[in-house]
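Quick notes on the structure that follows.
Every number here is computed from the coordinates shown, using simple stated rules; none is lab data. Being a predicted model, the structure only gives us computed values, none of them experimental. Neighbour counts are summed over all protein chains in view; Cβ atoms, including those assigned to glycine, are modelled from backbone coordinates with ideal geometry.
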Amino acid sequence: MPSESSSLDFLRELAVRQGIQPEDADLEGVRGFLDTILPAVAELELLVPKETETEI
Amino acid sequence: MSVARIAAQIRAGELSPREAVESYLERIEAHSDLNAYISVRAEEALAEADSAPPGPLHGVPVAVKDVIDVAGTRTTAASKVLADAPPATRDAATVAGLKAAGAIVLGKLNLHEFAFGALTSSAYFGPARNPWDPARTCGGSSGGSGAAAAADLCAGNLGTDTGGSIRIPSALCGVTGLRPTIGLVPNHGLIPVSWTFDTIGPLGRSAEDCSLLLEAIAPSFRPTKTGDRPRVGSVTHLLQKADPAVGATVEAATRELNARPVDAQVLEHASVIQQLNMLPEAAAAHLPWLRTKLADYGADVRARLLAGLSLPVTAYPTGLRARRWLWDQVRPLFERYDILTAPTMPMVAPRLDAIPADYRLVLMPFNSPWSCLGLPAVSVPCGFVDGLPVGMVLVGRRGEDAAVLQAAQRFQEATDWHERRPEPVSAVPSA
């Protein structure tokens, strides 16, 4: 999942579709962040029981 | 001088509001090298001193972080993006509360750009400097607030806290700062970072001062005192995770509180959980400026905002549900303990020219847990390492801000760490 969702072309298209024109250096930073956090998100998705509600 | 002392002197007729404001304006000018203020309302503050309404803070000079609106003054958020913004047309709810209590707003305090970082190192407005060592960071994002409280450049002030932005500068600058229960303080008139995490809160010399300021800005807050000593638990994995000298200093302080060791390893998930909600919310809040002024952001803030735009949509509800799950795990601890305590920061203030590459990642485990859970958390000075202040955080149940402040006040009645002042600053005559 990280490699597919964090390619520079994908990230650029995502930004452009939201009206934003980032530089490659910005996107490199975003890719590094996503490569780190997406595995942690996947771990969290397994950890939190399905019946957990959102209100805190 | 403390909020409590200035208020008392003014009530007793020993000091006029104008004299108090003049004295602080002189100190602000004398310590302009700290870059704690982005703007100073000298003329307005003097005029307001002459017509301050009666109230518990009558004539007390205060300041606010420059993401909080003060009518007639530009709100810059320490960003080039807003450097030429028009002045705010009305006071934020908290500023209105301060003024209604009789306080005088001296000016707007420096911060990390858009309150979205922990260094207060705006490329456009320059870094705020730590009064204990101007070569070091004062933390952030409310870094100007920490510096101003430590150097006595206002009696007390307001910062904001999303992921530690009041607690971090409080610890690194040796002052007291409260992140209130989420929702206790109205955010109207605040430039948001993250709607579900942001809260305005007080910084000052002591827990007593924070309580006085909180009364003015939180309509439902009432300080209460009980005779019962709180049951305190010390979060052991955070003590062990801190720099050894910092951990040992905080551990010694927890003995003053009769704290018992608590295993709360589950809190380690909080750093990731916070980012799943905070980053998309920040990106949403900034979307219009990202479209038109992207190049005006500092590189670090721009990267975080773009990251928020790029997370998969499933990340956001996962974050919300994980916050609920985290509370389910932590709730039993708050059935056994009234207060949890830990180091506020794992380190003392690093030098501005040697900020660790992993600075932000290292501090998040110490601050994100209490943000994710929306709990009141007060940082108090508890010792020194290499001549630099160390902070200890006291955390309570939601809505029990008064209990947290009372625990902090008890600690400060038994210790004098909060009375220590940085040498170069204390050498300057004070009000």
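Among B:SER122, B:SER271, B:SER2, sorting on how many other beta-carbon atoms sit within 10 Å of each Cβ, with the fewest leading, yields B:SER2, B:SER271, B:SER122.
Count Lys and Arg as plus one, Asp and Glu as minus one, and take only other residues whose Cβ is under 13 Å from that of A:ARG12; the net charge is then -4. Pair-distance distribution of the range B:340-396: all C-alpha pairs, bin width 10 Å, starting at 0; shares per bin in whole percent are 22, 48, 27, 2.
How would you rank B:PHE334, A:PHE10, going from fewest to most other Cβ atoms within 10 Å of each one's own Cβ? Mind dumping the intermediate values first?
Details: B:PHE334 20, A:PHE10 15.
In order of increasing Cβ crowding within 10 Å: A:PHE10, B:PHE334.
Scaled against 2.2 N^0.38 Å for its residue count N, the alpha carbon radius of gyration of the range A:4-55 is 1.47. Near B:ASP401: Cβ cut-off under 12 Å, other residues only, Lys/Arg at +1 and Asp/Glu at -1. The net charge is +2. Residue-wise HN-Hα couplings along the range B:139-144, as the Karplus relation 6.51 cos²θ - 1.76 cosθ + 1.60 with θ = phi - 60° gives them from phi, are x, x, 7, 7, x, x Hz; Gly and Pro carry x.
Across the range B:347-357, rounded Karplus estimates of 3J(HN,Hα) from the backbone phi angles (6.51 cos²θ - 1.76 cosθ + 1.60, θ = phi - 60°) give 8, 7, 4, x, 5, 4, 8, 8, 5, x, 4 Hz, Gly and Pro being marked x.
When each of A:THR52, B:THR160, B:THR314 is scored by the number of other beta-carbon atoms lying within 10 Å, the sequence from fewest to most is B:THR314, A:THR52, B:THR160. Give the distance, in whole Å, between the Cα centre of the range B:47-66 and the Cα centre of the range B:1-18. One Cα centre to the other: 11 Å.
Shown here is the pair-distance distribution of the range B:1-129: with all Cα-Cα distances grouped in 5 Å bins from zero up to the longest one, the shares run 2, 12, 20, 21, 19, 14, 8, 3, 1, 0 percent. Between the amide H of B:TYR297 and any residue lying 5 or more places away or on another chain, no distance stays under 5 Å, with hydrogens modeled in the peptide plane. Just checking the listed ones, B:LEU306, B:LEU213, B:LEU98: in the Gaussian network model of chain B with Cα springs under 10 Å, the one fluctuating most is B:LEU306. Note on chain A: helix-only mean residue ellipticity at 222 nm, from DSSP H runs of 4+ residues weighted -39500 (n - 2.57) and normalised by residue number, equals -21500 deg cm²/dmol. Computing Rg and the Kirkwood Rh from the Cα coordinates of the range B:31-85 gives a ratio, Rg/Rh, of 1.01.
Taken along its principal axes, the alpha carbon cloud of the range B:200-347 reaches lengths of 55, 36, 32 Å, longest axis first. Return the single residue from B:VAL40, B:VAL67, B:VAL404 with maximal mean-square fluctuation; model: Gaussian network over chain B, springs between Cα atoms under 10 Å. Between B:VAL40, B:VAL67, B:VAL404, it is B:VAL40 that shows the largest mean-square fluctuation.
Direction-averaged shadow area of the convex hull around the Cα atoms of the range B:349-431, nm²?
Working: hull surface 30.7 nm².
Across all orientations, the range B:349-431 yields a mean hull projection of 7.7 nm².
Electrostatic tally near B:VAL385: other residues with Cβ closer than 15 Å to its Cβ, Lys and Arg +1, Asp and Glu -1, net -1.
By the Stokes-Einstein formula, at 1.306 mPa s and 10 °C, the range B:208-271 with its Kirkwood radius over alpha-carbon pairs has D equal to 110 µm²/s.
For chain B, modelled as a GNM whose springs connect Cα atoms under 10 angstrom apart, the maximal fluctuation among B:THR89, B:THR137, B:THR75 occurs at B:THR89.
Binning the alpha carbon pair distances of the protein assembly as shown at 20 angstrom intervals from zero yields the distribution 26, 58, 15, 0, expressed in whole percent. The orientation-averaged projection of the convex hull spanning the C-alpha atoms of chain B amounts to 18.5 square nanometres. The phi torsions of the range B:409-420, fed into the Karplus equation with coefficients 6.51, -1.76 and 1.60 and a -60° offset, translate into couplings of 5, 4, 4, 6, 6, 9, 9, 10, 4, 6, 8, 5 Hz, rounded to whole numbers, with Gly and Pro shown as x.
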